[in-house]
Structures are given as C-alpha cells and as structure tokens.
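Encoded as structure tokens, the structure appears first; notes follow it.
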Amino acid sequence: MHMADALLSPAVGATMWAGSMATLGYSSKKLKENIDNKTIPLMGVMGAFIFAAMMINFTIPGTGSSGHIAGGILLTVMLGPYAAFLILASVLMVQALFFADGGLLALGCNIWNMGFYPCFLVYPLIYRPIAGDGTSAKRIYIAAIVSAIIALQLGAFSVVLETLSSGRSELPFGTFVLLMQPIHLAIGLVEGIITAGIISSVKKVRPEILESGNSLRPLDAGISLKNVLVAFLILAVITGGALSWLASTHPDGLEWSIKKVTGKTELAEQTNGVASLLKDIQEKTAFFPDYNFKPSDKEKRGKEKPPVWPGIEAGTSFAGILGGAIVLMFILFIGFGIRLFKKQ
Amino acid sequence: MNFDEKYYNIGFLDQLSYKDTFVHRLDPRIKLIVTLLFLFTVISFSKYEIVALLPFFLYPVLLMTIGEIPLMFILKKVALVSPFAIFIGIFNPLLDSGQVFIFKGLTISAGWLSFFSILIKFTLTVSTALLLVATTSFPGVCHALRQLGVPSLFVSQLLFLYRYIFVLMEETMRIVRARNMRSFEQHGKGIKVFVRIVGILFIRTVERAERVYFAMLSRGFQGDMPTLKRFHIKAGDLVFAVSVAVFLYIFRFYPATEILGRFVQGVFS
C-alpha cells in the first residue's frame, strides 16, 4: 500500500513531507537526549532486519497466497517509538530509492502512513494499555493483533484521503474505502499474529532485549506528541484551504501551488527577481495546451467538472499529438545518439 | 520477484553508482535538489495533461545515456512496481465519462486521458528516483542529506541500514534455502515456522549489533559517522542545475509541444 508519486498533487505531497520531517526531527532530538552509542548500530541493523524479514515469504492459511511483514508495531515494542520511527523512515527511504516502492515525493506520505500511526498513536494508546506490564503472553497476543489491525487501517485510510485530496483519481470516497479497508483488515490480522509470535519467542529466549528497550521509551509522549499533532493540523488546515481554492475551477491554481512548493529552491530565487515581468508574460501567453471538453450531462451535475475551454478550435489537440510525437522521437534520437557516440 | 533476484537487484544498483561519468561526478546535493524539483514539476500538471508531459522524458533519458545506465534494468523495475498506480488509475476510465474530442472521428472518455496521465507521471517519477541512486550511490545521497540539514542521527541510521542490508540478506538467504530444502510442497512454509525463523533472525540480529558495536568502539566510534570525501560545488554543477531549472520552467509554463506541432502542421499544409 505504498502511496505513489503519480497519484499525488504537490500540495498534498508537501504537506505530508512537512509532517513526516517534523516528526523525524522531533524523534531524533528526543532520541539524542537519552541514547547511548550502543543504540545507533542496533537501530541500523534492525532496519536491515526488517528488510531481511520481508524477504522471507510465508503462506497465508486458507488462501495460498504469500505475504510478508511491515514491522511497525514490532519495532516499537522492541525499541520504543522514537527509535522505531527513525528505523521505519530509513527502511521506507531505501525502498523508495532502490525498489521504487512509492516514490520520493510520496515518501512523506508513506513515512506518515506506516511510521507515525504505529509509533505515536497506536503504541501508546492501544498497545501499552492492553499489554500492561508485558508479563502475560495472552495480553501481548491480543495487544499486538489489535494494534497491527488498527495501525494498518489508519494507514490505508490515509492513502485514501491523500489520493482523494490530490484529485488525480476518480474513485469516489465510499468505493475507495471499501476497496482498501477490508484488504488491510486481513493483512493487519496476519501481521498482528506474526508480531505477537515474534515478541513472545524473543521474550522466551532473550527477555533482556525487551527490557533494555524499555529504557528508550518515553514517559511523557502525550505532552510533546501534542505539539507535533498541532503543527500538522495547522498545516492541514492551510493546505486544505488551498486545495478547496484550487478545486474552484481556477485553472492557474496549480501554478500557484508549484510556486509555493518550490519556494525554498533555486527556481524561486530566479522568479522572485523578475516576478512581475514573468507574470506579464504569463498573462499574455495564458493559454494552455488542453483538450476540448464536451462535458456530458453527468459531469455538469458533478462538483468537479473539468474546465471547459470554449475559445480553442478543434485543431488544438491534433497539434498537441503531433508535437508530442515529434518530441518523443527527438528524445529517442538524443538517447540513441549519445549511446552510439559513447560506444565509439 | 524471488529472493535472489531482489538481492541481485539491490547490489546491481549499487554497482552502477561506482561508474565514473559526467552524471556520476555531479555534486550529490545538486542532483538531489534537481531531482526533487523535477518530481514536483511533473506531478504539478493537471490530471488530464499528457502532451505537455512528454518533453520531460528528456531528463531521465539524458541521465540514463550519459550515466551509462542500462535501459532494460530501469524499465523492468518500473514495471515491477506499477500495479498500485494501475490499480488506482484504472478506475478513471470507468468513472469519468466526460467525452474528449481528439480529432475528427476520434472521441474518447476523459478518464482514459487521466489514466494515461497517471501512467506517464508514474514512469517519469519512478525512473528519475531510481536514476538518482544509480548515478549518486546511496552513501552519496546520505551525505548530501546531512549537508542539507537532515539530523545526523537519521543519516547514520541510513548508512548503517545500507551497510547491513547486504550482510543480513546473505544470512537470510541461507536460512530461506535451508527451509526450502526441508519443506516439501507447502509444509513448513506456514506462519508457525515463519514466526520461529524470524524470531531467531531477530535475536541473531541483536547479537550481531552488539558485536558491531564493540568492533566500532575499538576503532574509536563516538556516535557519529564522518566522511572523508569532501564535496565541493563546481561550476559544472551550477550549469547543470540552472539548465535543468530553465528546462523545467519552459516546459512547465509554455505549451512548447503544441507550438511545435502547430508549426509542423503549418509547414506541411
């Protein structure tokens, strides 16, 4: 259920990045306060462990299909939320870069969906109260299963929200939720059983591992977690406002969002200097390559109808296709040209 | 994808990053920023956009050819991860029934446009992200992150993770092989055995981490992993960054493809 770049809008991607980076910075700060150097290699090797464990497949009973684990709850139970969050973020980053699971812009979403919920919401609010002091195997089982299911449900629901607020998919909310939630209910159940099994088998062989994890656990998670949540809520409200403005048939809304999003980079510095001039040019050339829409009756009723462009003649889209074909040929030509040139 | 193949893939991507070409020599920070800029530009296009996205293929193609990265390798990886985007996108043609006029005699539903738009964006973003590692190396990306202000604890985490992925994968490969030899048909591949195997792997991992820590202590580890390699931004880096930025700006805000099409249409009519 990795979120993909192609389904994201810049505003949503940036918001989720901001939320994840804030949590990341906060976690490393908290971790630095009471870490011994021993934990640094342990965390790193644990990340590699998650990878290794993902590569062992198992057969899900009754279905014959195979699955693997995500490990959010497992890591949090073993190492505490701050370390677990950093490990999960690093695992997701390697997945994004090497396996192309998700993407670089969707990485913010993925870290949030798969890291934030298990570490900072489910673990303190659900796992800890149910598992108690961790002496009863039965309570650990129930806690792990319930937590894994809820964490995955929250993650899947976030994928739905992120995709829908990006506006790239046509799936209606209800259908999408019905597609995502039941699948992840099953995955969560399996993940929970496995997590519980691993925790109890580790507890039998090396109980001190679980106890040493205790020292890394925060006691005041509730207070400081609030700051993160409040910051994220403010961001969400701001972008939510922006999104509704974007959706209001304003065709230049996306330009606005990319300007806001790339505000920290070099591009922005260039545009700032000559901003007014460029604005003039843009206004003069304010026609976009677009397609001629014949809105059907259904869409007229719909909320988000595509913009209608009455001023463009029918030849526009043909010119677009022609130009596109030429551009593609040109790029292929360059690619093969360089390759040939290099071989000589 | 089976296990050995996944392992081979990650090692192969690592190998590619040790080549010495113009793209590989660019400063990692610049490459990272330019890549993010590229991705943001691509996903900022509206959901019905197809034609204006095509010129953006130039960037990955250039990186791939100048950086001598095999095309099939990248394409295979893109295809492997495409199911999710296709799964979500395929509903667009069914649900978005607005008719779009392409040219005389051909009218398709708007949903197909947005579906193909998602696919193109997907190919562009995934291949660019893969090319970033293939031309920069993962440690390079990590050091760039550190210099750009990511907490050093997290950077150490990434470097450790990357180092031990290879070690633990080899260990896991041995475990999986041993299990496969002892399990006939589906016996021994269920959850029970899996949980025990992973439990053992977990304990071995913790013990390994302890040994690693002692080995590092004896070599003077003090909580940070500095790099000997110093990166300097050279004139070539700046030229690269500025030219990509200009390229992105032009093709984002001007309908260059369509103007070209009109021009050619005009020449031939």
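The values are calculated or read from the model by the stated rules, or taken from the named source; none is laboratory data. None of the values given here were measured: they were computed from a predicted structure. FYI the Cβ positions are ideal-geometry reconstructions off the backbone, even for glycines, and counts take in every protein chain you see.
Table for the structure above
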{"read-out": "Set B:VAL150, B:VAL195: member being facing chain A (nearest Cβ under 10 Å), outside any helix (DSSP H, G or I) and either more than 28 Å from the chain's Cα centre (by Cα) or under 30 Å from B:ARG25 (Cα atoms) (or both)", "value": "B:VAL150"}
{"read-out": "Of all residues in the range B:182-213 being under 21 Å from B:MET169 (Cα atoms) and polar (S, T, N, Q), the one that is modelled with the highest pLDDT", "value": "B:THR205"}
{"read-out": "Residue match in the range B:60-80 (condition: of a type in the set (Val, Ile, Thr), in contact (Cβ under 8 Å) with a residue 60 or more places away in the chain and not in a helix (DSSP H, G or I))", "value": "yes"}
{"read-out": "Complete set of residues in the range B:28-52 that are in a loop (DSSP other than H, G, I, E, B) and either outside the structural domain of B:LEU62 (by TED's automatic domain parsing) or closer than 13 Å to B:PHE251 by Cα (or both)", "value": "B:SER44, B:PHE45, B:GLU49, B:ILE50"}
{"read-out": "Test result for B:THR41, among the polar types (S, T, N, Q) and under 30 Å from B:HIS143 (Cβ atoms)", "value": "yes"}
{"read-out": "The one condition in (1) facing chain A (nearest Cβ under 7 Å); (2) more than 29 Å from B:SER137 (Cα to Cα) that B:PHE268 fails to fulfil", "value": "(1)"}
{"read-out": "Members of the range A:86-106 that are part of a helix (DSSP H, G or I) and under 23 Å from A:TYR26 (Cβ atoms)", "value": "A:LEU86, A:ILE87, A:LEU88, A:ALA89, A:SER90, A:VAL91, A:LEU92, A:MET93, A:VAL94, A:GLN95, A:ALA96"}
{"read-out": "Listing of helices (runs of 4 or more DSSP H) fully contained in the range A:114-205 that carry 1 or more residues being within 24 Å of B:LYS192 (Cβ to Cβ) and within 23 Å of the chain's Cα centre (by Cα)", "value": "A:137-166, A:173-205"}
{"read-out": "Residue within the range B:214-223 that is on the phi > 0 side of the Ramachandran plot and at pLDDT below 80 present", "value": "yes"}
{"read-out": "Selected residue (criterion: surrounded by the most Cβ atoms within 10 Å (Cβ to Cβ)) from residues of the range B:45-70 that are more than 8 Å from chain A (Cβ to nearest Cβ) and among the aliphatic types (A, V, I, L, M)", "value": "B:LEU63"}
{"read-out": "Output for the range B:176-192, where each listed residue is at the interface with another protein chain (Cβ under 7 Å from one of its Cβ atoms) and part of a helix (DSSP H, G or I)", "value": "B:VAL176, B:ILE191"}
{"read-out": "Residue list for the range A:57-98, filter: at pLDDT 75 or above and closer than 21 Å to B:LEU80 by Cβ", "value": "A:VAL91, A:LEU92, A:MET93, A:VAL94, A:GLN95, A:ALA96, A:LEU97, A:PHE98"}
{"read-out": "Residue in the range B:88-109 that is under 15 Å from B:THR35 (Cβ atoms) and among the β-branched types (Val, Ile, Thr) present", "value": "no"}
